[in-house]
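Here's the structure we're looking at; comments come further down.
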Amino acid sequence: MSISTAQATDTGTAQSPVDVRLPMDATSDYCLGRITWDQHSEYHVDLLRLALRLSPTDIAITPVCMEYPTEERRISMLQTGDQINTVFFGTTQDREDKLLAAYVPIYLGTTGLRLFMTRPETRIELAHIQTLDELRKFSMGQGLGWPDGQILIDSGFNVIPGRYKTLHRMLEFRRFDLYPRAYWQIIGEWNWMKQEAPNVVVSPDIALYYPQPIYFFVSPKTPQLRDAIQTGLEQAYSNGMLLNLLKNHRETTASFKEVNLREIHLLRIENRSLPEKSRQTMKKFSLFD
């Protein structure tokens, strides 16, 4: 189901061919008609709104309601550019070759800082882990098509794939030992996941880091849209508004307030597939590199 027409009617303006067409989960409050688009708040949506406000162009966002596609499906949809033309996800060389990336990591590099959801008995074991070899004894759950899965496999970890909406339950049912989640997201996710998987806990003792930016990717058919988003993001980074949003948005603020990074033992691995342009981007924008 697409709501592009309804959105255009709501705003009273015609949709430009270069306006953002963003996929939205059909089960979201907006797609179910419970809230207006202006009331809808997600970090990536609010950052995109900010970037477009700071861009010198006049570009609107049209949400497109659908059964939310997997990352691989989003790539093919973006290549055609028919239904949607903008998404966000982690980068790979293949994605940068096929699509147009706005080269500002939207979470300022905090995606590659991975903390672990686990079970209480495993949390006790993690408190004593000091080396990567010791950590490799634990299996890790990852979503279907996530680039992080291959990064972990390349570093010798046993990865169990699953669909995002089931991974926390898979963890509780002992399908794997650890569920790595980005620093910016783990507390917020755990707060809702524990309603369905009450035995899942967050380890406060150990974390894994690898450079892995998440970008806004745009259809290759709309390069002017990518340029506008890039310009706005760079402006938001320069004036501090991007960092302020990251630290204070309802989806991300819990981790910044509740996770004490100084007390966490940090282990690092390589991201062998990170494109060279993204390596340079991380040096410029990341909070950790």
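The values are calculated or read from the model by the stated rules, or taken from the named source; none is laboratory data. Quantities reported herein were computed from a predicted structural model and do not represent experimental measurements. Cβ coordinates were reconstructed from backbone atoms using ideal geometry, including for glycine residues, and neighbour counts include every protein chain displayed.
Contact annotation: residue pairs with Cβ atoms under 6 Å, 6 or more positions apart or on different chains, pairing a residue in region 89-103 that is at pLDDT below 95 with a partner that is assigned to a helix (DSSP H, G or I) and of a type in the set (Ser, Thr, Tyr), are 91/278.
Output the residues belonging to region 40-56 that are assigned to a loop (DSSP other than H, G, I, E, B) and surrounded by fewer than 20 Cβ atoms within 10 Å (Cβ to Cβ). Break it down into steps so the answer makes sense when it comes.
Narrowing region 40-56 to residues assigned to a loop (DSSP other than H, G, I, E, B): 40-42, 55-56.
Once the filter is applied, which keeps residues that are assigned to a loop (DSSP other than H, G, I, E, B) and surrounded by fewer than 20 Cβ atoms within 10 Å (Cβ to Cβ), region 40-56 yields 40, 41, 42, 56.
Checked against the criterion of being of a type in the set (Lys, Arg) and within 29 Å of residue 102 (Cβ to Cβ), region 191-209 has no qualifying residue. Would you mind stating whether residue 47 is under 23 Å from residue 185 (Cβ atoms) and aliphatic (A, V, I, L, M)? Yes.
Checking the structure you have, find out if any residue of region 115-128 is surrounded by 15 or more Cβ atoms within 10 Å (Cβ to Cβ) and closer than 30 Å to residue 229 by Cα.
Filtering region 115-128 for residues surrounded by 15 or more Cβ atoms within 10 Å (Cβ to Cβ) gives 115-119, 122-123, 125-126.
Add one more test, that the residue is closer than 30 Å to residue 229 by Cα, and what stays is 115.
Yes: region 115-128 contains one or more residues that are surrounded by 15 or more Cβ atoms within 10 Å (Cβ to Cβ) and closer than 30 Å to residue 229 by Cα.
Looking only at residues in region 210-229 that are of a type in the set (Phe, Trp, Tyr) and modelled with pLDDT of 95 or more, which one is farthest from the chain's Cα centre (by Cα)?
Per the stated criteria, the residue is 217.
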